[in-house]
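**Q** First, the structure itself, so that you have it in front of you.
The values are calculated or read from the model by the stated rules, or taken from the named source; none is laboratory data. Here the structure is a predicted model, which means the values were calculated and not measured. Heads up, the Cβs are rebuilt from the backbone with ideal geometry, glycines too, and the neighbour counts pull from every protein chain shown. The area values use the complete protein model at the heavy-atom level, side chains included, leaving out ligands, DNA and RNA. Shrake-Rupley method; radii C 1.70, N 1.55, O 1.52, S 1.80 Å.
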Amino acid sequence: MYQIKDGFRFGTDTVLLAWFTASFVKGRKPVKALELGANCGAASLLLIGRKRNVSVDSLELDHDAYEVLKKNIELNSLGDIMRAHEGDVRELPDDIRKSQYDLVFMNPPFFKPGTGPSSDSNKPGKLQGRFENNGGLEDFISAGASRLIPSSGIMCIVMTARRTDEVICLMEKFQVKPVAIMPVHPAYDKNAEMILIAGRRTDKDPQLEIMPPLVLNDKDRMNDIYNKEHEDCFI
């Protein structure tokens with residue numbers, strides 16, 4: 001898999017998003033998924049690697065990243081189940097806008113302009129993936145909610161833990177009810193740095209599960225996530 005050397009590069013949050021999203025793929029029937037802000041396609045590729053009954057439409061705004069995304073699809077011979085789309089979450093391409101999905105997953109920019117880390121300021125590609133310069137959290141959640149199959153579609157998001165309340169409020173605003181939250185901690189004695197959160201597109205009020213925390217310095221757990229196919233459906 002290729003990625004842009006001086007662009008926004010995928011990391012642990014991408015791996016965890018794919019792992020978390022895969023847990024909502026039940027059985028073997030075909031599942032149609034959409035990734036918003038796909039970059040080089042890492043999360044989509046990892047999801048398909050875990051669940052080969054999933055087909056993914058991957059949307060990316062940055063043209064260079066979009067070209068790498070297409071190359072990665074070709075490199076992995078996934079043209080039959082994975083499609084690259086160039087476009088903006090604020091104005092979805094027609095073929096995505098006319099489709100509905102069982103799953104929508106996303107790793108939106110963590111920080112609003114003027115907040116968060118400001119390193120790599122001389123590398124616009126990295127800043128674009130880190131900051132909300134081309135669509136904010138509300139834009140991502142609104143776009144994703146609009147494409148979910150009513151009453152059954154699932155949305156999965158990875159986000160900085162400091163914006164948990166904002167994610168929940170925006171999900172509720174667009175009729176996506178949170179059903180599971182997993183806090184992600186760097187160590188057992190450290191505050192959560194990220195959350196993995198899932199919601200269902202429904203008018204009902206499902207129960208919200210606060211899941212056991214995931215601790216990044218738990219080597220056995222992390223090795224299991226990185227090295228083994230995710231078969232234990234923890235939801």
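**Q** At 25 °C and 0.890 mPa s, what whole-number value in µm²/s does Stokes-Einstein give for the translational diffusion of region 150-192, with Rh from the Kirkwood sum over Cα pairs?
**A** Numbers: Rh = 11.8 Å.
Value of D from the Cα-based Kirkwood radius: 208 µm²/s.
**Q** In the Gaussian network model of the chain, springs joining C-alpha atoms below 10 Å, which of LEU196, LEU137, LEU208 carries the largest mean-square fluctuation?
**A** Comparing LEU196, LEU137, LEU208 in a Gaussian network model of the chain, the most mobile one is LEU208.
**Q** Taking region 123-225 as the region of interest, what is the percent of Cα-Cα pairs per 5 angstrom bin, listed from the shortest bin to the one with the maximum distance?
**A** All Cα pairs, binned at 5 Å, distribute as 2, 12, 20, 20, 17, 15, 11, 3, 0 percent.
**Q** Where the Cα atoms of region 1-55 are projected onto their three principal axes, how long is each span, largest first, in whole Å?
**A** 39, 18, 17
**Q** Which FRET efficiency value, to the nearest 0.05, do you get for ASP205 and ARG97 by plugging their Cβ-Cβ distance into 1/(1 + (r/R0)^6) with R0 = 22 Å? Walk me through the intermediate numbers first.
**A** Numbers: r = 28 Å, r/R0 = 1.29.
Once the sixth-power term is evaluated, E becomes 0.20.
**Q** Still on this model: Taking a threshold of 24 Å on the Cα-Cα distance, which of the pairs LYS32/LYS70; LYS29/LYS219; LYS5/LYS190; LYS29/LYS70 fall above it?
**A** Numbers: LYS32/LYS70 19 Å; LYS29/LYS219 33 Å; LYS5/LYS190 31 Å; LYS29/LYS70 26 Å.
From the list (LYS32/LYS70; LYS29/LYS219; LYS5/LYS190; LYS29/LYS70), the Cα-Cα distance tops 24 Å for LYS29/LYS219; LYS5/LYS190; LYS29/LYS70.
**Q** May I ask which residue of MET171, ALA161, LEU208 lies farthest towards the positive end of the charge dipole of region 147-235, with charges of +1 (Lys, Arg) and -1 (Asp, Glu) on Cβ and the Cα centre as origin?
**A** MET171
**Q** How long, wide and thick is region 1-94, going by the Cα atoms along their three principal axes, in whole angstroms, largest first?
**A** If we take the Cα atoms of region 1-94, the spans are 38, 31, 26 Å.
**Q** Starting with the highest mean, order 185-192, 101-108 by the number of other Cβ atoms within 10 Å, averaged over the residues of each peptide.
**A** Numbers: 185-192: 12.2, 101-108: 25.0.
With the highest mean Cβ count within 10 Å placed first, the list reads 101-108, 185-192.
**Q** In Å², what does the accessible area per residue of the chain work out to with a 1.4 Å probe? Please list the in-between numbers first.
**A** Numbers: 11580 Å² over 235 residues.
Roughly 49 Å² per residue, with all protein chains present.
**Q** Helix-only estimate, please: 222 nm mean residue ellipticity of the chain, summing -39500 (n - 2.57) across DSSP H runs of length 4 or more and dividing by its residues, to the nearest 500.
**A** Values: 8 runs with 74 residues, N = 235.
Value at 222 nm, helices only: -9000 deg cm²/dmol.
**Q** Starting from the Kirkwood radius over alpha-carbon pairs of the chain, derive D by Stokes-Einstein at 4 °C in a medium of 1.567 mPa s and give it in µm² s⁻¹. If you can, show how the numbers build up before the last one.
**A** Working: Rh = 17.8 Å.
Translational diffusion coefficient: 73 µm²/s.
**Q** For TYR2, what charge total do you get from the other residues with a beta carbon under 12 Å from its beta carbon, if Lys and Arg give +1 and Asp and Glu give -1? Present the calculation step by step, with values, prior to reporting the outcome.
**A** Numbers: positive: LYS5, ARG9, LYS70, LYS71; negative: ASP64, GLU67, GLU74.
With Lys, Arg at +1 and Asp, Glu at -1, the net is +1.
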